[in-house]
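Here, each number is a calculation from the coordinates, and none is a lab measurement. Note that the structure is a prediction, hence the values are computed from the model and not measured. In this analysis, Cβ positions are derived from the backbone assuming ideal geometry, glycine residues included, and neighbour counts consider all displayed protein chains.
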Amino acid sequence: MTTSLGVAVIGAGMAGKAHAAAYRAASTVYAPVLPEIRLVAIGDSFEPLGVETAKRFGFERNVVDWRDIAAADDIDVVSVVVANSLHREIVEGLLAAGKHVLCEKPLSDTIADARAMAEAARSAEAQGLVARIGFSYLRSPGIAFMRQLIDDGRLGDLLHFSGRYWTDYGCRPDAPISWRYQGPQGSGALGDIGSHVSYIAEYLCGPAHDVSGGRFHTSIVERPKPLGQVIGHTGGDVSDETSPVTNDDYATFNARFAACVGTIEVSRVAAGHPNGLALEIFGTRGAARWSQTNPAQVEVMLHDEHADVAGYRTIPLGPAHPRYAGGWAMDAPGVGIGQNDLFVHQARAFLEEVAGVPAEASLPRCRSFDDGVHNMEFLAAVADSAAHGGTTVAVR
């Protein structure tokens, strides 16, 4: 095992900060088998934001050009957390420079670029490099417990799945236009948050065979142009000029999975729902549901209960459940779990693989770029369905 790993994060926005904080905390969870983790650099083209993020999370320096990170001898591991259209150039450049790469989802803004990135990752793997995509919700103990209930047969044969991800970051018409609101239909709410629900659905229900009933809607058709840098989803001053919104504020579709059928609905204009991911799955012997609003609990209903107390019961998550024991400073039921913790466990898993920790002694590995390509192909089938009046489209 190497004696130390130098880490950098490219992108200092909201998700970039989550990655920076995660690397800072990764050595504090689970067994202490990691080498020394050196927090080296934050990269962002908007220098004030890069300076602030580097200082806030204890990184040694900030840079404005990602190429400086690629060329740096003291950096081994890089997270790429920037606009989707920039992923391919940066990721391929980092891999060519001999860096291990963790890329945020979706893998890119086009399937062609995503496939090229996957090919680059396979070539890099032959040189001993690790390239992975961050599907952070697969680190959730609640979602893992739902999967365990399915695998154990306690829910019986699956009947159907319901998943929704309602957010409100785009519900205000005065939020500035940015890359998030520009692109083809399917690259908006579906590509941003629908990508999460789709990989979760396949984790619980098996591979998607086909989709139907695809439908997009753009609720706010134009947004003001920013006067300067847009920070996060909505931050920044705006002008009196506007630009058209070209992608989807809302999307919904049906899917047929290996184990059951299901419906997925996503929105970025659901006022009052800042981060409303909710999942529910039904089987012949019971059901289970989980929500990001209360992520430290799962509600379970089983048919073997007495009739006079039948119904959902709330299960507080703790060391008896998967992905929990050893994962927090206080690993006891009732202390709470947040979305930030999922990034810590994701970073931990990635660093364990880079450091050479055997898979059987490590957290479940992060997903491959090939998985990232499949996720985009799943969403592309939804876009194809929507473009043709909701027709059934096979998932590649």
Count the net charge of all other residues whose Cβ sits under 10 Å from the Cβ of Ser136, scoring Lys and Arg as +1 and Asp and Glu as -1.
-> 0
Whole-Hz couplings from phi, Karplus 6.51/-1.76/1.60, listed for region 137-142; x for Gly and Pro = 5, 5, 8, 6, x, x
Which residues' amide hydrogens lie under 5 Å from the amide hydrogen of Phe257, considering only partners 5 or more residues apart or on another chain, with H built in the peptide plane?
-> His209, Gly262
Distance between modelled label sites at His209 and Ser243, nm, 7 Å Cα→Cβ extension | 4.3
Select one label from [x] 21.8; [y] 22.8; [z] 21.1: the one whose number is Kirkwood radius over Cα pairs in Å as derived from the coordinates shown.
-> [x]
Where does each of 45-52, 253-260 land if you order them by average Cβ count within 10 Å, highest first?
-> 253-260, 45-52
Euclidean distance between Cα centres, region 40-102 to region 121-168, Å | 27
Cross-link partners of Lys105 among lysines (Cα-Cα below 21 Å; sequence separation of 8 or more within a chain) = Lys17
Karplus ³J(HN,Hα) for region 174-184 (6.51 cos²θ - 1.76 cosθ + 1.60, θ = phi - 60°; Hz, whole; x = Gly/Pro) runs 8, 5, x, 5, 8, 4, 5, 9, 10, x, x
What is the sum of charges around Asp249, taking Lys and Arg as +1, Asp and Glu as -1, for the other residues whose C-beta is under 14 Å from the C-beta of Asp249?
-> 0
Using Cα centres only, tell me the gap between region 239-279 and region 302-334 in whole Å.
-> 29
Would you pull out the residues with amide H under 5 Å of Gly283's amide H, same chain only if 5 or more places away, H placed 1.01 Å from N?
-> Leu159
Sort Ser4, Ser136 so the one with the fewest other Cβ atoms within 10 Å of its own Cβ comes first.
-> Ser4, Ser136
For Thr242, other-chain or 5+-apart residues with amide H closer than 5 Å (H placed, Pro excluded) are Lys225
Would you mind putting 356-362, 76-82, 374-380 in packing order, based on average other-beta-carbon counts within 10 Å, highest first?
-> 76-82, 374-380, 356-362
Residue by residue, what Karplus-based ³J(HN,Hα) values in Hz, rounded to whole numbers, does region 379-387 have, using 6.51, -1.76 and 1.60 with θ = phi - 60° and x for Gly and Pro?
-> 5, 5, 5, 4, 4, 5, 4, 5, 5
Other residues with Cβ under 10 Å from the Cβ of Arg38 give, with Lys and Arg +1 and Asp and Glu -1, a net charge of -4
If you put +1 on each Lys and Arg Cβ and -1 on each Asp and Glu Cβ, how big is the dipole of the chain around its Cα centre, in Debye rounded to 20?
-> 360
With a 10 Å radius around each residue's Cβ, average the other Cβ atoms per peptide and rank 18-24, 219-225, highest first.
-> 18-24, 219-225
So what is the relative contact order of the chain, in percent, for Cα pairs below 8 Å that sit 6 or more residues apart?
-> 20
Residue among Leu95, Ile150, Gly50 farthest towards the positive dipole end of region 48-159, charges placed on Cβ | Ile150
